[in-house]
Amino acid sequence: MKRYFVGHKLNDEEVNEYYETITSKLAEKFGIKNLGARVAPHFTLKSPFESEKMEELERMLEKLAKEQKAIPFEIQGFGRFSNDFGNTIYLAVNNNPELDESAQQISDSIRNFGRKKNQTPKPLKLHVSLARYMDENQAQKAWQYLYSVPISKFNLQFDNIAIFEYFPGGWKIYREFNFLAN
């Protein structure tokens, strides 16, 4: 069975270069996986799931994209959190209630696709992961390193929904749906 996730792909050359530079430096300095070599910069709308039949999800996403309007948003600075899988450091998506509401509605609309029964849905925390699955020591050192990295501000558009498919070594775009509404 193939593995997928759904997200918003950041289609901006400047933010992509920034992301790739930081992820490669973090991997080089702290011995962690280079996310920039494994997946395009994105924020997740539906966590990874397995499926052999994607037609239903594709129809749902195509319909949702036709109904969505692009929403401007900003990325600026860094953040971090811990969970059962370790520590994550990310590019911060600035607080934007319109973006949060739209992303949550899309997530809620596709929540049950490919989901195992009795899974509890989680509220979205929009972020662009730079480093994941780190132990506390790696995370602390990486966080300290980021104090030396110039912080950039990016003005972007939430204007697509993408399905990412897993291949050995990383995730590739399976299909992208651009927003059509004005």
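Here are the numbers for the structure shown:
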item	result
Longest to shortest principal axis, alpha-carbon extents of region 2-178, angstrom	44, 32, 26
Top positive-direction residue, dipole computed over region 2-178 with Cβ charges, set PHE30, LEU99, ILE163	PHE30
Length released on extending from ASP135 to ALA92, taking residue separation times 0.36 nm less the Cα-Cα span	13.4 nm
Selected from SER129, SER107, SER148 as most flexible by GNM, with the chain as the system and alpha-carbon contacts under 10 Å	SER148
J(HN,Hα) series, region 15-23, from Karplus relation 6.51 cos²θ - 1.76 cosθ + 1.60, nearest Hz, glycine and proline x	5, 5, 5, 4, 4, 5, 5, 5, 5
Other-chain or far-sequence residues with amide H under 5 Å of ALA131's (modelled H)	ILE89
Region 42-103: trypsin sites (Lys or Arg not before Pro) falling in loop per DSSP and having at most 11 other Cβ within 10 Å	LYS53
In sequence order, calculated HN-Hα J values of region 134-146 (Karplus, 6.51, -1.76, 1.60; Hz; x Gly/Pro)	8, 6, 4, 5, 4, 4, 5, 5, 5, 5, 4, 4, 4
Shape category assigned to region 36-98 from the gyration tensor of Cα positions, a/c cut at 1.5	oblate
Check: region 38-182 dipole with +1 on Lys, Arg Cβ and -1 on Asp, Glu Cβ, in debye	220
Whole-Hz couplings from phi, Karplus 6.51/-1.76/1.60, listed for region 156-172; x for Gly and Pro	10, 10, 7, 9, 7, 10, 10, 9, 9, 10, 7, 10, x, x, x, 10, 10
Length released on extending from LYS2 to SER47, taking residue separation times 0.36 nm less the Cα-Cα span	14.8 nm
Under-5 Å amide H pairs with PHE78, H placed in peptide plane, nonlocal only	ALA92
Residues whose placed amide H lies under 5 Å from that of VAL39, excluding near-sequence neighbours	TRP171
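Every number here is computed from the coordinates shown, using simple stated rules; none is lab data. It should be emphasised that the depicted structure is a prediction, and the values quoted were computed from it without experimental measurement. Every residue, glycine as well, gets a Cβ built from its backbone with ideal geometry; the counts of neighbours run over all protein chains shown.
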